[in-house]
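These notes concern the structure reproduced below.
The values are calculated or read from the model by the stated rules, or taken from the named source; none is laboratory data. The model shown is predicted, which means the values in this text are computed figures rather than measured ones. Note that we place each Cβ from the backbone using ideal geometry, even for glycine, and neighbour counts take in every protein chain shown.
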Amino acid sequence: MAADTKSTWGLAAPVPRFGENESLLVAGGLGGPFTIWLYTPLRNAITLGSQAPSAATHPASALYKEVFARGLAGGWTGCTTTVAVSSVQFMCMGPLYHVYASKLGATLAVGATGLTESLISYGSQTRNAQLAYNATVPAASRVAVQHPLNPVGVGFPPHVMRNVAAMTGCRLVTGPCTTAITSLTHATGLRPDPSVLQVAGDFAGCLLGAAMSMPLNQSYNYLVTATPEARSAGVVSSTVGFLKSQYLNKGADGRVTISRTVARDVFMRCAYIAPQLTTYMFIERGLMAYGRRLDQERGGAADDVRLL
């Protein structure tokens, strides 16, 4: 990484000049942890929702209020370890995804990235979820807390599948969404700046990824915050039982209907994932554009991906 020197208040100050490849590392190492920290209260509220099956008694507003019941700082319960590990996590989501994509293609890269991300972040995110849950229940109901560096646990399979679903939205679906939004706006005679259309496409893709990943995410949250007795029937049976009780209602006549909790949990998952991943992708795209411009100024664009 080269640096220019510019005068600031009469002093010589170095100005970083990193290329496109380095910009991916900066986005992952700094931009990712920032978004994880910023949206922690929304993530914690989702965790509480996995143990509150009734949207009537526990609407989204009540869960958000419960997160902040111990004051403003209480909303960020458990975020320290998650933020620390998220630097490595987002280095996986950003730079490593592009490496996988250059070798495997975009579709397989999503799966490989989701698995790698879980191996890195499962321990810290599980600890975050358990600390957030324990802060809202009596001592007798609290669950054991996961070591942040332990990537093994009952919630690992849905954690991987959740990551793959969310990654599909932000990496594979955003392109078609941007194309569709561009066509729609042009058909109505509007000509927004391409950067605006890109952010709109990113947000739409992340929304779809969030919705697809919601049942998997809540299955993970339930498994890691349930007591061993609550899942004594086994992980698979307990997960199926959770999904039925959380999202299906059975009437007196035996008729099964979809619970209102589905709408609540989809809303809360979208309210967290869509802005969080869109913010990260905005940072990543901006830094990559900056790095690409500097690569060109230095005499040629960067090769495809040369990170590893």
- Would a scan of segment 265-285 turn up a residue that is more than 26 Å from GLN146 (Cα to Cα), surrounded by 22 or more Cβ atoms within 10 Å (Cβ to Cβ) and among the aromatic types (Phe, Trp, Tyr)? yes
- Note on the structure: Of all helices (runs of 4 or more DSSP H) fully inside segment 69-138, the set with 3 or more residues that are closer than 17 Å to ALA165 by Cα and over 17 Å from the mean Cα position of the chain (by Cα) is 106-134
- Item | Qualifying residue in segment 278-289 (condition: at pLDDT 90 or above, within 25 Å of THR47 (Cβ to Cβ), in a helix (DSSP H, G or I) and touching a Pro at 6+ places or on another chain (Cβ under 9 Å)) | no
- Message: I need a count of the residues in segment 81-127 that are of a type in the set (Phe, Trp, Tyr) and over 20 Å from GLU284 (Cα atoms).
- Response: 1
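So, in segment 166-185, of the ones that are of a type in the set (A, V, I, L, M, F, W, C) and in contact with a Phe, Trp or Tyr (Cβ under 9 Å, 6 or more places away or on another chain), which residue ends up surrounded by the fewest Cβ atoms within 10 Å (Cβ to Cβ)? Walk me through how you get there before you give the answer.
We begin by selecting, within segment 166-185, every residue of a type in the set (A, V, I, L, M, F, W, C); these are 166-167, 170, 172-173, 177, 180-181, 184.
If we keep only those that are in contact with a Phe, Trp or Tyr (Cβ under 9 Å, 6 or more places away or on another chain) too, we end up with 167, 170, 177.
Numbers: MET167: 23, CYS170: 26, CYS177: 21.
Looking at residues that are of a type in the set (A, V, I, L, M, F, W, C) and in contact with a Phe, Trp or Tyr (Cβ under 9 Å, 6 or more places away or on another chain), I get CYS177.
Against the definition (under 20 Å from ALA263 (Cβ atoms) and either without any contact (Cβ under 8 Å) to a residue 60 or more places away in the chain or in a helix (DSSP H, G or I) (or both)), how does PRO215 come out, yes or no? Give the derivation first.
Numbers: under 20 Å from ALA263 (Cβ atoms): yes; either without any contact (Cβ under 8 Å) to a residue 60 or more places away in the chain or in a helix (DSSP H, G or I) (or both): yes.
Considered against the rule, which asks whether it is under 20 Å from ALA263 (Cβ atoms) and either without any contact (Cβ under 8 Å) to a residue 60 or more places away in the chain or in a helix (DSSP H, G or I) (or both), PRO215 comes out as yes.
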- Would you point out the residue of segment 242-263, among those that are over 12 Å from PRO215 (Cβ atoms) and assigned to a helix (DSSP H, G or I), that is modelled with the highest pLDDT? ALA263
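One line per residue, one yes/no per condition, for (1) touching a helix residue (DSSP H, G or I) at 6+ places or on another chain (Cβ under 8 Å); (2) among the hydroxyl-bearing types (Ser, Thr, Tyr); (3) over 16 Å from GLY286 (Cα atoms):
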{"position": "ALA166", "(1), (2), (3)": "yes, no, yes"}
{"position": "GLY169", "(1), (2), (3)": "yes, no, yes"}
{"position": "CYS177", "(1), (2), (3)": "yes, no, yes"}
{"position": "ILE181", "(1), (2), (3)": "yes, no, yes"}
{"position": "ALA187", "(1), (2), (3)": "no, no, yes"}
{"position": "SER195", "(1), (2), (3)": "no, yes, no"}
{"position": "VAL199", "(1), (2), (3)": "yes, no, no"}
{"position": "PHE203", "(1), (2), (3)": "yes, no, no"}
{"position": "CYS206", "(1), (2), (3)": "yes, no, yes"}
- So which pairs qualify, if the first residue must be in segment 106-135 and farther than 13 Å from ARG43 by Cα, the second must be among the basic types (Lys, Arg), the Cβ gap must be under 7 Å, and the two must be at least 6 apart or on different chains? ALA106/ARG171; VAL110/ARG171; ASN134/ARG142; ALA135/ARG70
- Message: Among the listed residues SER50, SER54, identify the single one that is farther than 18 Å from LEU25 by Cβ, buried (at least 21 other Cβ atoms within 10 Å of the Cβ) and modelled with pLDDT under 95.
- Response: SER50
- When residues of segment 134-193 are filtered for being polar (S, T, N, Q) and over 26 Å from GLY209 (Cα atoms), how many remain? 6
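Report whether or not PHE203 is at pLDDT below 95, of a type in the set (Phe, Trp, Tyr) and surrounded by 20 or more Cβ atoms within 10 Å (Cβ to Cβ). Don't jump to the end; show me each part of the working.
Numbers: at pLDDT below 95: yes; of a type in the set (Phe, Trp, Tyr): yes; surrounded by 20 or more Cβ atoms within 10 Å (Cβ to Cβ): yes.
Yes: the conditions hold for PHE203.
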- Query: Of (1) out of contact with any His (no Cβ under 6 Å at 6 or more places or on another chain); (2) within 23 Å of GLY169 (Cβ to Cβ), TYR220 satisfies all except one. Which?
  - Reply: (1)
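Working carefully through the options ALA3, ALA45, find the one that is farther than 18 Å from GLN130 by Cβ and either modelled with pLDDT of 85 or more or not β-branched (Val, Ile, Thr) (or both). Step through it out loud before you land on a result.
On the way: ALA45 fails: farther than 18 Å from GLN130 by Cβ.
Answer to the selection: ALA3.
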- Can you tell me which residues in segment 101-120 are surrounded by fewer than 21 Cβ atoms within 10 Å (Cβ to Cβ) and either in contact with a Phe, Trp or Tyr (Cβ under 8 Å, 6 or more places away or on another chain) or of a type outside the set (A, V, I, L, M) (or both)? SER102, LYS103, GLY105, THR107, LEU108, GLY111, ALA112, THR116
